[in-house]
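Rule-based calculations on the coordinates, nothing more; no lab input. From a predicted model like this one, the values you see are computed outputs, not experimental measurements. No Cβ is skipped: glycine too gets one built from the backbone with ideal geometry, and neighbour counts run over all protein chains shown.
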Amino acid sequence: MKIQPFLEHHGIVTNPFADEDAQTDLVFKGGCIRTTYHPTWDKIYGDPSEPATSVVFGEKGSGKTAIRLQIAQHLADYNADHPDHQVLVVAYDDFNPFLDRFRDRFSGRRRRADRMLKHWRLWDHIDAVLSLAITQLVDRILEVKQARHPAARDEPLEIGSLDASQLRDVMLLAACYDQSTAESSVQRWHQLRRRLAFRTWRSKWDWVVGLAVTLAVLVLIASLGKWSWLLTAWPYVAIAAGWAPRVWRCVKWFWKARRVVRNTRVLHHGTNLLRKVLMNFTGAQIAGQPLPAQPRTDDRYELLAKLQNVLRSLHFDGILVLVDRIDEPYLINGSTELMRALLWPMLDNKFLKHPGIGLKLLLPIELERLIDREDREFHQRARLDKQNLIRSLQWTGQSLYDMANARINACTADGSSPGVTALFDDSIDQRRLMDAFGTLRVPRHLFKFMYRLFTAHCNAHSDENPVWQISGASFESVLALYQRDQDAFDRGVGAG
């Protein structure tokens, strides 16, 4: 007996429990993302008009990634309904590129993950968030079709609403933080300059002076016929003096670019390429402007404020950062201590409560156990009591029962709604299902158990003598075996 005929007998067209990862779960994305929620959803999601931080801890398979996808989907709907009050969504869930670039700054034994992460600071996280936000902003200004960003609308941004200082800020932020790999950073910056009609001709004065002095000297020698002067030093001294301002600006911006490259440790920059871009600004345009050229957070907060000012003119009221999969980078590899070293610098109340920015931190449960071990200084800095803290993303048997019903209904043919109890004979009632589901704890274990149960039931019967309901004996035996495997997984000696 095969699983598909068994399900079709109950009006179910696809297996509701075949997928275990929300990232690839079509049942969740197609039928449950707007209807099935964890009981703490409202506290996690909050109000998009006033983005707020939430810190959520959950064990593997409890639905952290599903919640991230739900937040992104609901914000896409919100942005579509409120085009003049949108939220910019930044997915900070792939740490590998940032960790790789950070690691490249070290050599020898300092490249070991545990030693390297001792040097990770809050401003490294802010640099990463700024790079993701600004790369998205530049993609959307340039209308890059290949780029896909969460909750982003297809309509072009109203760049005509930006004033001169905001145009300067966009160009400066793009110079420091645009990390697109689609093309050369200099080419992309000049595309953005042309799209925004940002004029740079005033910054060419030193080049004009050098060229003018060179031509003047050559014209003077040619007009007087004094070719013998080329054998003396003064023409070359005059030409060198004419190019001196250009050389001075090149040297000055090379060292400034080098400081930016040295202190943006999670980004990929070429010093000379950055120097070429920065030289397109005049001294008046860039004087007193913050640059990430120091190992400190002050400049980063100013740059965040500049980004927010630009976004407000583009009809974005806030920024929401989705932090997930912190245990997955290959340098972290699920290590609790390495996750702690990476995450703890971010737990700073000033950053988490920065006006107009909300962070949704979806974190492994192992980190929650370390919170109470921290000292008073950590708790005063993090102020987790103000961050919508959810210590455990728990699921009850009743909530998992409701989820199973919701997934089955999402997979049924039109007009049918069998419910999960219809799959079992009379010896398994609703209360027994809820009690059993409660022992599974999280949706992933529920899906694995139900899939294993379907397989065991169908393998026990032939196509010639099908049985359309699962017996109590099969249910109890598969549950007992699954709970044994679940216990091994919890102890770290099983695959789950």
* Grab the beta carbon distance between Thr439 and Ser335, set R0 = 22 Å, and tell me the FRET efficiency rounded to 0.05. => 0.15
* Among all the aspartates and glutamates, which ones have a C-alpha under 13 Å from Lys145's C-alpha, if same-chain residues fewer than 8 places away are not counted? -> Asp154, Glu155
* To do: Can you pull the one-decimal nm distance between simple spin-label points at Gln146 and His315, each 7 Å off the Cα toward Cβ?
  => 2.9 nm
* Positive-end residue of Leu314, Ser107, Ala456, charge dipole of the chain with Cβ unit charges -> Ser107
* **Reachable lysines from Lys448, criterion Cα separation under 22 angstrom, eight or more residues apart if same chain** => Lys2, Lys29, Lys60, Lys64
* Which residues in the stretch 326-357 place their backbone N less than 20 Å from a point set 7 Å from the Cα of Arg369 along the Cα-to-Cβ direction? -> 326-329, 332-344
* **Distance histogram for the chain (every C-alpha pair counted, 20 angstrom bins, percent rounded to whole numbers)** => 19, 42, 26, 9, 3, 1
* Structure fact -> XL table Lys276/Lys360; Lys118/Lys350; Lys256/Lys350; Cα-Cα > 26 Å flagged, in table order, is Lys276/Lys360; Lys256/Lys350
* Set the Förster distance to 30 Å, then compute FRET efficiency between Phe106 and Gln289 from the Cβ-Cβ distance, nearest 0.05. => 0.50
* **Distance between modelled label sites at Lys2 and Ser392, nm, 7 Å Cα→Cβ extension** => 4.3 nm
* **Among 181-188, 204-211, the order from most to least packed when residues are scored by Cβ within 10 Å on average** => 204-211, 181-188
* Asked: Where the only charges are on Cβ atoms (+1 Lys, Arg; -1 Asp, Glu), what is the dipole of the chain about its Cα centre, to the nearest 20 debye?
  -> 3600 debye
* Taking 0.36 nm per residue of separation and subtracting the Cα-Cα distance, what length does fully extending Arg259 through His119 add? -> 48.6 nm
* **Loop sites in the stretch 318-383: trypsin sites (Lys or Arg not before Pro), DSSP, at most 13 other Cβ within 10 Å** => Arg373
* Structure fact -> Note, Pro290: beta-carbon cut-off 14 Å, +1 each Lys/Arg, -1 each Asp/Glu, net +1
* Structure fact -> Taking Lys and Arg as +1 and Asp and Glu as -1, residues besides Asn349 with C-beta under 9 Å from its C-beta add up to +4
* Reachable aspartates and glutamates from Lys306, Cα under 20 Å, same-chain residues fewer than 8 places away excluded? -> Glu50, Asp84, Asp124, Asp127, Asp139, Glu158, Asp163, Asp169, Asp178, Asp298, Asp317
* Structure fact -> The extension gain from Asp42 to Arg199, computed as 0.36 nm times the residue separation minus the Cα-Cα distance, is 51.8 nm
* Would you mind calculating the gained length between Gln430 and Val208 on full extension (0.36 nm times residue separation, minus the Cα-Cα distance), in nm to one decimal? => 71.6 nm
* If r is the Cβ-Cβ distance from Ala460 to Asp163 and R0 is 51 Å, what FRET efficiency results, to the nearest 0.05? -> 0.10
